[in-house]
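What follows is one structure encoded as structure tokens, with my remarks underneath.
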Amino acid sequence: RGKVWLITGCSSGLGLALARAALAHGERVVITARKPASLERLAASYKETSLALPLDVNDNAQITSALARAKERFGPIDVVVNNAGFLKLGAVEETSDEEYREMFGTNFFGPFQLIRAVLPEMRRRRNGQIVNISSIGSFDPRPGASAYSAAKAALDAASEALATEVQPFGIKVLIVVLGAFQTQVMESLTYSASVIEDYKATAH
């Protein structure tokens with residue numbers, strides 16, 4: 001039997017592609033999204049080895065519920081892929097504190113809420129793999145993407161520390177730093193509520 005995966009953000013793009021690949025390889029995969037209706041077609045194609053669940057990584061109750069249902073169906077999680085994220089653009093002066101917190105919530109705090117939830121079981125079993133999906137923006141930030149880049153840089157730094165902390169327990173941490181590629185992310189792209197004309201030539 002294959003490993004048990006939990007992948008966040010499976011409704012489209014990289015998360016969907018990873019889920020399809022893992023399932024096609026014979027793995028058992030917990031596919032999650034904030035709107036689980038988007039997962040119905042994939043789940044129907046792999047009825048025995050997939051489990052589609054609602055999961056907003058900002059919601060600790062949903063994390064707890066998803067892990068409990070996953071364990072009941074497949075057993076403990078072997079591989080966690082933190083893929084869920086979103087992009088909002090705006091110059092630093094245009095971006096409010098609330099918008100910065102929103103970006104960090106999904107792109108940084110959310111993944112580490114899930115990591116903290118799976119680590120006790122992984123430590124007990126002395127086995128596990130944590131995969132955090134990052135971005136080239138973490139070390140090559142572009143105008144207009146300060147909040148996104150800062151959140152991804154924080155994800156990278158915390159992942160580096162985590163890797164050293166859990167290495168003695170047989171748990172591996174992988175940071176996947178991606179460049180630009182075609183997904184549906186641009187369809188959900190939003191901008192800061194405040195727009196300053198002077199930044200149209202740089203941040204926009």
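A short reminder: the numbers here are calculations on the coordinates, not readings from a lab. What you see is a predicted model, and the numbers here were worked out from it, not measured in a lab. We place every Cβ from the backbone using ideal geometry, glycine too, and count neighbours over all the protein chains shown.
Here are the numbers for the structure shown:
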| quantity | calculated |
| --- | --- |
| Dipole axis of the chain (+1 Lys, Arg; -1 Asp, Glu on Cβ), positive-most option in ALA84, SER192, PHE139 | ALA84 |
| Theoretical gain in end-to-end length, SER45 to LYS71 [0.36 nm per residue, Cα-Cα removed] | 7.2 nm |
| Residue-averaged 222 nm ellipticity for the chain, from DSSP H runs of 4+ at -39500 (n - 2.57), nearest 500 | -12000 deg cm²/dmol |
| Cα gyration tensor category, rounded, prolate or oblate, for segment 31-79 with a/c compared to 1.5 | oblate |
| Segment 1-113, relative contact order in percent, only Cα pairs under 8 angstrom and at least six apart counted | 29 percent |
| Kyte-Doolittle mean at least -0.5, axial Cα span of 15 Å or more - DSSP H helices of the chain | 13-24, 60-74, 110-125, 146-166 |
| Lysine pairs with alpha-carbon atoms under 26 Å apart, the chain, spacing 8 or more or separate chains | 14 |
| Electrostatic dipole magnitude of the chain [Cβ: Lys, Arg +1; Asp, Glu -1; Cα centre; debye, to 20] | 1260 debye |
| All-pairs alpha carbon distance profile, segment 50-204, 5 Å steps from 0, percent | 2, 9, 16, 19, 18, 14, 10, 6, 3, 2, 1, 0 |
| Surface/4 estimate of mean projected area, convex hull on alpha-carbon atoms of segment 1-49, nm² | 2.9 nm² |
| Relative contact order %, the chain, counting alpha carbon pairs below 8 Å whose residues are six or more apart | 22 percent |
